[in-house]
Amino acid sequence: MTSTHIASGPRKWHWVAVSTATTEGIKVIVRAVYVPEQSSPRTHRYVFAYTVKIANEGETPAQLRSRHWIITDGEGRVEEVKGPGVVGQQPYLNPGDQFEYTSGCVLTTPRGEMRGTYQMHRPDGREFDATIAPFSLTLPYSLN
């Protein structure tokens, strides 16, 4: 996992975490950022946005059928989220295609981690889990 900074407006910098994993030609890249405008540390509300890019770098089409997220907060509490598709869609990816979406996560701690899988379906009926590599949800300047 690598990390970089991005600017948000003329005076704010937010930490961005990046994770990448490839499973059977399906590459999943995630970028996460803290959203201070929607967060309220006094009430233990920390909002993070994450953007996922799913690219078919293989030779066979695949359709994303469902998702399984494992979200761990800074105190070790784990929440699992399962459901059909992503953002109301089940994208079908031909070789060379990609799909990108943005979603969010609210934690009660200033840091956490997300990881998971997408269940993919091939035209021949075969299914496999495309890995979503772990990525950090962290406030800027709170890495220790």
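The values are calculated or read from the model by the stated rules, or taken from the named source; none is laboratory data. Treat the numbers as computed from the prediction; the structure is a model and nothing was measured. Using ideal geometry, Cβ is built from the backbone for each residue, glycine included, and neighbour counts are taken over all protein chains shown.
Some points to look at:
- Check on GLU113, surrounded by 14 or more Cβ atoms within 10 Å (Cβ to Cβ), at pLDDT 95 or above and acidic (Asp, Glu): yes
- Qualifying residue in the range 80-91 (condition: surrounded by 12 or more Cβ atoms within 10 Å (Cβ to Cβ) and in contact with a Gly (Cβ under 6 Å, 6 or more places away or on another chain)): no
- Qualifying residue in the range 48-59 (condition: surrounded by fewer than 16 Cβ atoms within 10 Å (Cβ to Cβ), closer than 15 Å to PHE135 by Cβ and among the basic types (Lys, Arg)): yes
Yes or no, residue by residue, for (1) of a type in the set (D, E, K, R); (2) assigned to a loop (DSSP other than H, G, I, E, B); (3) free of Cβ contacts under 8 Å to residues at least 12 places away in the same chain:
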{"residue": "LEU64", "(1), (2), (3)": "no, no, no"}
{"residue": "GLU79", "(1), (2), (3)": "yes, no, yes"}
{"residue": "GLU100", "(1), (2), (3)": "yes, no, no"}
{"residue": "MET114", "(1), (2), (3)": "no, no, no"}
{"residue": "THR131", "(1), (2), (3)": "no, no, no"}
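- Taking residues in the range 15-28 that are within 16 Å of GLU57 (Cβ to Cβ), and partners anywhere that are modelled with pLDDT of 85 or more and among the acidic types (Asp, Glu), the pairs with Cβ atoms closer than 6 Å and at least 6 places apart or on different chains are GLY25/GLU57; LYS27/GLU57.
- Any chance THR2 is farther than 23 Å from PHE128 by Cα, at pLDDT below 95 and surrounded by fewer than 16 Cβ atoms within 10 Å (Cβ to Cβ): yes
- THR72 vs. criteria assigned to a loop (DSSP other than H, G, I, E, B) and either surrounded by 13 or more Cβ atoms within 10 Å (Cβ to Cβ) or within 14 Å of the chain's Cα centre (by Cα) (or both): no
- Members of the range 24-50 found to be more than 13 Å from the chain's Cα centre (by Cα), closer than 20 Å to VAL86 by Cα and assigned to a strand (DSSP E or B), listed by number: ILE26, VAL47
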